[in-house]
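A short write-up of the structure that comes next.
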Amino acid sequence: MSPLIRFDNVSKRYNLGLTRTSLPSMLSRRIRQVVRPTTVKSSKQAYLWAVKDVSFELERGQSLALIGPNGAGKSTILKLLSKITLPSSGNIEVNGRLSALIELGAGFHPDLTGRENVYLNGRILGLKRKEIDSRFDEIVDFSELEKFIDTPVKRYSSGMAVRLGFAVASCIEPDILLVDEVLAVGDASFRQKCIDRIRVLLNNDTSLIFISHNLELVKAICESGIYIEQGEVQFSGTSAAVIDKYNQVLERNRANALKRPDASITGNGADIEISRIEVSSTGDQPVTGFYNDQPLEVKVHYFANTQLDKANMLVRIYRSDGVSCLIVRTFLDGFPMSFERGYGIVTLTIDPLQLYGALYFATVWVMDADDKDGLANASSDWFQVNNRVPGRPDLDAVFEPERTWHHANVANGENPYAHDLDQPALVKPGGQITEDLR
């Protein structure tokens with residue numbers, strides 16, 4: 001049995017800089033090239049591959065999410081499936097009635113009323129008038145637009161247009177439903193109503209291709225997904241796995257875009273220079289990732305051009321979204337510092353680290369004796385902290401402390417203090433009870 005949708009090595013190419021694509025303009029340009037070929041300057045044609053060699057299949061009753069940044073090619077795929085545009089290469093098979101909600105108000109004529117547009121859309125989707133008649137009340141009831149159904153659509157708000165569009169697209173019970181981000185326009189209660197409707201359709205063997213930047217919504221609705229960027233498939237799998245992969249890419253992009261301090265403050269007469277900063281687990285070689293219940297060492301390698309009898313050092317750890325998660329100073333910790341001329345290493349140990357899973361980097365400043373002026377500064381490479389318990393989303397919190405839980409079991413209204421209470425338990429980051437406190 002053939003799948004409902006087969007996308008086989010499909011590519012779509014657009015010409016850049018070609019602003020006039022009407023038939024008269026194209027004929028006029030071609031005639032000028034033939035009549036006066038020597039006067040036409042040759043220029044290298046620029047192209048954009050909106051979709052490049054994309055392949056997937058969708059069976060009856062399956063749901064697929066297309067995930068990626070703006071301009072990745074997701075909407076182009078839906079337009080190719082809807083035959084709004086044709087592929088430059090590859091084959092597309094659609095075996096079933098397809099209903100699409102791709103753009104806000106797509107398919108609506110602004111001068112027609114809501115009622116007239118319901119019938120117009122129904123006929124475009126291949127329904128007979130009797131079939132539309134039988135579903136009309138359901139469509140109006142779902143859209144919650146009974147008072148406005150005979151008002152021209154051009155007077156609808158964006159939310160009203162979405163309500164009517166989704167009602168038509170979903171209530172005709174298509175074999176394939178395409179939804180592109182438009183649910184973000186409606187209010188929360190209507191979005192939930194749409195989600196419930198989508199689940200009913202999936203249970204009735206309707207197939208769904210869904211685009212949304214709301215990744216939690218994607219995870220709740222779709223069983224599988226494709227991460228696409230610059231028109232090419234980067235990763236495919238379950239929706240949860242694809243979202244995790246996409247979040248990792250977003251996290252690293254945010255991290256690389258975050259402005260960090262200059263590598264060091266150097267120059268004529270500089271008292272001290274920081275050559276590098278290593279982040280490692282105690283006793284290990286420098287690593288890029290470890291767990292939050294492990295110790296962490298920040299090793300600051302420096303060269304002092306002159307002797308500094310009194311100075312301070314500041315270490316700060318930032319999360320990739322710019323949140324300052326930790327700041328420590330030697331003078332506040334009662335750790336006096338002086339630097340002799342030459343090379344040296346200062347080591348800060350945090351045991352356990354207790355930072356929540358995310359991407360981080362450390363910055364180090366060497367300050368003067370009054371802790372007012374910076375003598376040198378540098379930043380480490382990015383390092384990844386992992387949660388012991390899988391499935392916890394990054395950026396959910398800043399740190400996971402060691403903690404103690406107490407539980408007093410009260411039976412029959414008795415005074416809990418009249419009995420021995422349960423012993424408290426010490427919990428390490430990751431949620432595991434490691435020992436009883438006696």
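The values are calculated or read from the model by the stated rules, or taken from the named source; none is laboratory data. Quick caveat, the model's predicted, so the values are computed rather than measured. Cβ coordinates were reconstructed from backbone atoms using ideal geometry, including for glycine residues, and neighbour counts include every protein chain displayed.
Picking from residues in segment 260-280 that are at pLDDT below 80 and under 19 Å from PHE361 (Cβ atoms), the one that is surrounded by the most Cβ atoms within 10 Å (Cβ to Cβ) is SER264. Any residue in segment 85-107 that is more than 13 Å from ASP175 (Cβ to Cβ) sitting within a Cβ distance under 7 Å of a residue that is charged (D, E, K, R) and modelled with pLDDT under 85? List the pairs, counting only those 6 or more apart or interchain. If the second residue must be charged (D, E, K, R) and modelled with pLDDT under 85, the pairs left are LEU101/ASP180; ILE102/ASP180. Annotation: of all residues in segment 196-249 being among the acidic types (Asp, Glu) and under 15 Å from the mean Cα position of the chain (by Cα), the one that is nearest to LEU78 (Cα to Cα) is GLU229. GLY430 satisfies every condition listed in (1) farther than 18 Å from GLU297 by Cβ; (2) under 35 Å from the mean Cα position of the chain (by Cα); (3) modelled with pLDDT of 85 or more except (3). Scanning segment 304-318 for residues that are surrounded by fewer than 17 Cβ atoms within 10 Å (Cβ to Cβ) and assigned to a strand (DSSP E or B) gives ASP309, LYS310. Scanning for something modelled with pLDDT of 85 or more and under 20 Å from ILE228 (Cβ atoms), does segment 30-47 turn up at least one residue? No, that holds for no residue.
Which residue is nearest to PRO110 (Cα to Cα), if the candidates are limited to segment 150-173 and must be in a loop (DSSP other than H, G, I, E, B) and of a type in the set (Val, Ile, Thr)? Among those that are in a loop (DSSP other than H, G, I, E, B) and of a type in the set (Val, Ile, Thr), it is THR151. The listed residues are LEU80, LEU64, and the only one of them that is out of contact with any Ser or Thr (no Cβ under 8 Å at 6 or more places or on another chain), at pLDDT 90 or above and either of a type in the set (A, V, I, L, M) or in the same structural domain as ARG163 (by TED's automatic domain parsing) (or both) turns out to be LEU80.
Residue under question is ILE198, and the condition is that it be part of a strand (DSSP E or B), on the phi < 0 side of the Ramachandran plot and surrounded by 21 or more Cβ atoms within 10 Å (Cβ to Cβ); does it hold? When the stated conditions are applied, ILE198 does not pass them.
Of all residue pairs spaced 6 or more apart or on separate chains, those with beta-carbon atoms under 6 Å, a first member in segment 311-323 that is closer than 10 Å to TYR360 by Cβ and in contact (Cβ under 8 Å) with a residue 40 or more places away in the chain and a second member that is aliphatic (A, V, I, L, M) and surrounded by fewer than 21 Cβ atoms within 10 Å (Cβ to Cβ) are ILE317/LEU326; SER320/ALA255.
I'd like the full set of residues that are farther than 24 Å from ALA304 by Cα and either out of contact with any Lys or Arg (no Cβ under 8 Å at 6 or more places or on another chain) or not in a strand (DSSP E or B) (or both), limited to segment 319-335. Result: ARG319, SER320, ASP321, GLY322, VAL323. Mind listing just one residue for me: the one in segment 235-259 that is buried (at least 16 other Cβ atoms within 10 Å of the Cβ) and at pLDDT below 75 and, of those, nearest to ILE209 (Cα to Cα)? Looking at the filtered set, the residue picked out is GLU251. Among the conditions (1) without any contact (Cβ under 8 Å) to a residue 60 or more places away in the chain; (2) more than 30 Å from ASP244 (Cα to Cα); (3) in contact with an Asp or Glu (Cβ under 8 Å, 6 or more places away or on another chain), the only one that LEU296 does not satisfy is (2).
Take ARG329 and tell me if it is of a type in the set (Lys, Arg), assigned by TED's automatic domain parsing to the domain that holds GLN294 and within 40 Å of the chain's Cα centre (by Cα). So ARG329 fits the description; yes.
The condition of being surrounded by fewer than 21 Cβ atoms within 10 Å (Cβ to Cβ) and among the hydrophobic types (A, V, I, L, M, F, W, C) holds for ILE84. Counting the residues of segment 336-369 that are closer than 13 Å to LEU308 by Cβ and at pLDDT below 85 gives 1. Which residue is modelled with the highest pLDDT, if the candidates are limited to segment 98-145 and must be of a type in the set (Ser, Thr, Tyr) and over 33 Å from the mean Cα position of the chain (by Cα)? Among those that are of a type in the set (Ser, Thr, Tyr) and over 33 Å from the mean Cα position of the chain (by Cα), it is THR113.
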